[in-house]
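Novice: I am attaching a structure below and will ask some questions about it afterwards.
The numbers here are math on the coordinates, done by the rules we state, and not lab data. The structure displayed is predicted, hence computed values, not measured ones. Every residue, glycine among them, receives a Cβ derived from its backbone with ideal geometry; neighbour counts consider all protein chains shown.
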Amino acid sequence: MQDAITTLINSSDVQGRYLDNSALNKLENYFHSGDMRAKAATAICANAKKIVTQAVAKSLLYTDITAPGGNMYTCRRYAACVRDLDYFLRYATYAMLAGDTSILDERILNGLRETYNSLGVPIGATIRSVQAMKEVVTSVVGADAGREMGLYFDYIASGLS
Ligand SMILES: CCC1=C(C)/C(=C/C2=NC(=C\c3[nH]c(/C=C4\NC(=O)[C@H](C)[C@H]4CC)c(C)c3CCC(=O)O)/C(CCC(=O)O)=C2C)NC1=O
């Protein structure tokens, strides 16, 4: 896993230089946003269950997907879907804290599309539920942190599509 700090330091290190102004600016912005990131993570952690439940209600409940023949039909598959959304939320929160997407590639996206395709998990509906989660999270953490979390949800959505 990478984070905003190691990424900037590593790229200066390979050139054998101190951080240049642009790297220092990025670092300063990252440190400056630290309080916002920590507060957002605290709010998400306290509301994780509610966030996932509301995202499911907004995007999936009472659609063909939860009806007989749909991919969420049966308790086992419904629970697997809710669990997947909880993974997306938790890892998007880690990525937001780190200011870096690499943990999403390593832990979430690696092989996920292939797994979904082989199990018939509908990718379009999964992406809609990730978008719904983005809206719900914004209502919990506010616009600024919501925009930041949105980057990582979008990264998951585009990695799946
Ligand atoms: C931490 C990283 C990680 C991820 C991301 C992960 C995802 C993941 N989701 C799975 C299944 C699944 N995922 C879903 C999800 C959905 N179906 C829908 O219709 C909805 C649109 C959607 C929810 C948004 C479902 C229903 C299954 C079970 C499919 C089946 O077994 O038939 C499976 C197959 C194994 C299993 O059932 O547990 C994996 C590996 N596992 C991991 O360890």
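Novice: Would you mind classifying region 71-118 by shape? Square roots of the alpha carbon gyration tensor eigenvalues, ordered a ≥ b ≥ c; an a/c under 1.5 is rounded, otherwise it is prolate if a/b is larger than b/c and oblate if not.
Specialist: Oblate, since a/c reaches 1.5 and b/c is not below a/b.
Novice: At a Förster radius of 45 Å, what calculated FRET efficiency corresponds to the Cβ-Cβ distance of S12 and A143, to the nearest 0.05?
Specialist: 0.85
Novice: A further question follows. What is the distance, in nm, between label points placed 7 Å from the Cα along the Cα-to-Cβ direction at N25 and at L109?
Specialist: That separation, rounded to one decimal, is 2.6 nm.
Novice: Take every Cα-Cα distance within region 101-161, group them into 5 Å bins from 0 onward, and report for each bin the whole-number percent of pairs it holds.
Specialist: Percent of pairs per bin, in order: 4, 19, 26, 23, 17, 9, 3, 0.
Novice: Sticking with this structure for a sec: Under 11 Å from a point 7 Å along the Cα-to-Cβ line of A46: which residues of region 63-101 have their amide N that close?
Specialist: No residues fall inside that zone.
Novice: Right, next: Is region 48-161 best put as rounded, prolate or oblate by its Cα gyration tensor, with a ≥ b ≥ c the root eigenvalues, rounded for a/c under 1.5, and otherwise prolate when a/b is larger than b/c, oblate when not?
Specialist: Oblate shape, in that a/c is at least 1.5 and b/c is the bigger or equal ratio.
Novice: Here's something else I'd like to know. Looking only at V136, V52, V14, which one moves most when the chain is put into a Gaussian network model with springs between Cα atoms under 10 Å?
Specialist: Largest GNM mean-square fluctuation: V14.
Novice: Among A55, A46, A145, whose mean-square fluctuation peaks in a Gaussian network model of the chain (Cα, cutoff 10 Å)?
Specialist: Most flexible of the set in this elastic network: A46.
Novice: For region 1-30, list residues with backbone N below 19 Å from a point placed 7 Å from the Cα of D154 toward its Cβ?
Specialist: In region 1-30, the label zone of D154 (backbone N under 19 Å from the point 7 Å along Cα→Cβ) covers 4, 30.
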